[in-house]
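Okay, structure first, notes after.
The values are calculated or read from the model by the stated rules, or taken from the named source; none is laboratory data. Predicted model only: the values in this text are computed from it and were never measured. When we count neighbours, we look across all protein chains shown, and the Cβ atoms used for this are built from the backbone with ideal geometry, even at glycine.
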Amino acid sequence: MPSTDLVQLADISTVRTLAPGQMLYAQDEDATCLFLIRSGIVRISHLTVEGRRHILAFHWQGDLCGLMDEGRYVNSAAALCETEVLAMPRDRLHGLLLTQPLLQNEFLVKAAAELRNTQRMLVTVSGTDAAHRMASFLLECTHHADHYDPATHVVTLFADRRDIADYLGLSGETVSRALGQLEQIGLIRRNSAREIAIEPDALRIYVEH
């Protein structure tokens, strides 16, 4: 987002700093603000009526979160690490967007990108086995410079095993088995619980077939 837009948003916003694990907002809570992530990672999750948690997305610097319906948040959001967000009050943001069509377009572009990512993830979760889901997740990690070293091809996982399982629609045990399967066929090597060396080109071919 252009710096001029960020200045305008900052003028109507307050800055919130979240500790790891701290909630930003809860599902069904009154939706007072939309949030722009300035740094860190935010986990978006939804609790079903049966009490099962589904992680829908991980949002990064520059992403928006705070999806609402009839004045309430549809999902919950929590920080995975120390995170800073701009909290933009709904009424003030609405007034600003009415007078700034270019900024309004920026928000539409971000919303469309989030929709594409959600659709891609739904296809991954619904149409592939556990090993392919895990491979797709590892490739997703390579898009974030703080969690991927292109020189060594080492991915540093930003989420714990339970979060990864809830994101991919698997159990924690199945995540471990999927990693073992990928390691057995030579696509990854586990250096530690959090650091995984990958063969990126081979992993992409595996995901696409």
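Which of the following residues is touching a Ser or Thr at 6+ places or on another chain (Cβ under 7 Å) and either more than 26 Å from Q61 (Cβ to Cβ) or in the same structural domain as H54 (by TED's automatic domain parsing) (or both): A165, A202, A178, A130? Explain how you work it out, then say what you get.
Working: A165 fails: either more than 26 Å from Q61 (Cβ to Cβ) or in the same structural domain as H54 (by TED's automatic domain parsing) (or both); A202 fails: touching a Ser or Thr at 6+ places or on another chain (Cβ under 7 Å); A178 fails: touching a Ser or Thr at 6+ places or on another chain (Cβ under 7 Å).
Result: A130 is the single residue among A165, A202, A178, A130 that is touching a Ser or Thr at 6+ places or on another chain (Cβ under 7 Å) and either more than 26 Å from Q61 (Cβ to Cβ) or in the same structural domain as H54 (by TED's automatic domain parsing) (or both).
What are the residue pairs meeting all of these: first residue in region 110-123, first residue in the same structural domain as F137 (by TED's automatic domain parsing), second residue among the small types (G, A, S) and assigned to a helix (DSSP H, G or I), Cβ atoms under 7 Å, and 6 or more apart or on different chains?
none
Just one of L138, L56, L93 is crowded, with 17+ Cβ neighbours inside 10 Å, of a type in the set (A, V, I, L, M) and assigned to a strand (DSSP E or B); which is it?
One residue alone meets the criteria, L56.
Given the conditions (1) in contact with an Asp or Glu (Cβ under 7 Å, 6 or more places away or on another chain); (2) of a type outside the set (F, W, Y); (3) more than 30 Å from H94 (Cα to Cα), which single one is not true for E106?
(3)
Out of the residues in region 90-141 that are in contact with a Lys or Arg (Cβ under 8 Å, 6 or more places away or on another chain) and among the aliphatic types (A, V, I, L, M), state the one that is farthest from T14 (Cα to Cα).
Of all residues in region 90-141, those in contact with a Lys or Arg (Cβ under 8 Å, 6 or more places away or on another chain) come to 124-125, 130, 139.
Applying the additional criterion that residues be among the aliphatic types (A, V, I, L, M) yields 125, 130, 139.
Details: V125: 36, A130: 41, L139: 34 Å.
Only one residue fits best here, namely A130.
Taking the condition part of a helix (DSSP H, G or I) and either out of contact with any Leu (no Cβ under 7 Å at 6 or more places or on another chain) or aromatic (F, W, Y) (or both), does S176 pass?
Working: part of a helix (DSSP H, G or I): yes; either out of contact with any Leu (no Cβ under 7 Å at 6 or more places or on another chain) or aromatic (F, W, Y) (or both): yes.
For S176, the condition - part of a helix (DSSP H, G or I) and either out of contact with any Leu (no Cβ under 7 Å at 6 or more places or on another chain) or aromatic (F, W, Y) (or both) - is met.
I'm checking my understanding of the structure. Among residues of region 105-124 that are surrounded by 15 or more Cβ atoms within 10 Å (Cβ to Cβ) and either modelled with pLDDT of 80 or more or out of contact with any strand residue (DSSP E or B) (no Cβ under 9 Å at 6 or more places or on another chain) (or both), which one is nearest to A193 (Cα to Cα)?
Among residues in region 105-124 that are surrounded by 15 or more Cβ atoms within 10 Å (Cβ to Cβ) and either modelled with pLDDT of 80 or more or out of contact with any strand residue (DSSP E or B) (no Cβ under 9 Å at 6 or more places or on another chain) (or both), the one nearest to A193 (Cα to Cα) is T124.
With aliphatic (A, V, I, L, M) and at pLDDT 90 or above as the only criterion, which of L67, L6, L47 stands out? I'd like the intermediate steps shown before the answer.
Details: L67 fails: at pLDDT 90 or above; L6 fails: at pLDDT 90 or above.
Unique residue meeting the criteria: L47.
Restricting to region 142-175, give me the number of residues that are among the hydrophobic types (A, V, I, L, M, F, W, C), closer than 17 Å to R43 by Cβ and surrounded by fewer than 18 Cβ atoms within 10 Å (Cβ to Cβ). I'd like the intermediate steps shown before the answer.
Pass one, region 142-175, residues among the hydrophobic types (A, V, I, L, M, F, W, C): 145, 151, 154-155, 157-159, 164-165, 168, 170, 175.
Narrowing further to those that are closer than 17 Å to R43 by Cβ: 157-159, 164-165, 168, 170, 175.
Narrowing the set further to residues that are surrounded by fewer than 18 Cβ atoms within 10 Å (Cβ to Cβ) leaves 157.
Residues in region 142-175 being among the hydrophobic types (A, V, I, L, M, F, W, C), closer than 17 Å to R43 by Cβ and surrounded by fewer than 18 Cβ atoms within 10 Å (Cβ to Cβ): 1 in total.
In region 17-25, is there at least one residue being over 19 Å from D160 (Cβ atoms), among the aliphatic types (A, V, I, L, M) and outside any strand (DSSP E or B)?
The initial filter retains those residues of region 17-25 that are over 19 Å from D160 (Cβ atoms), namely 17, 25.
Of the ones still in play, those that are also among the aliphatic types (A, V, I, L, M) are none.
No.
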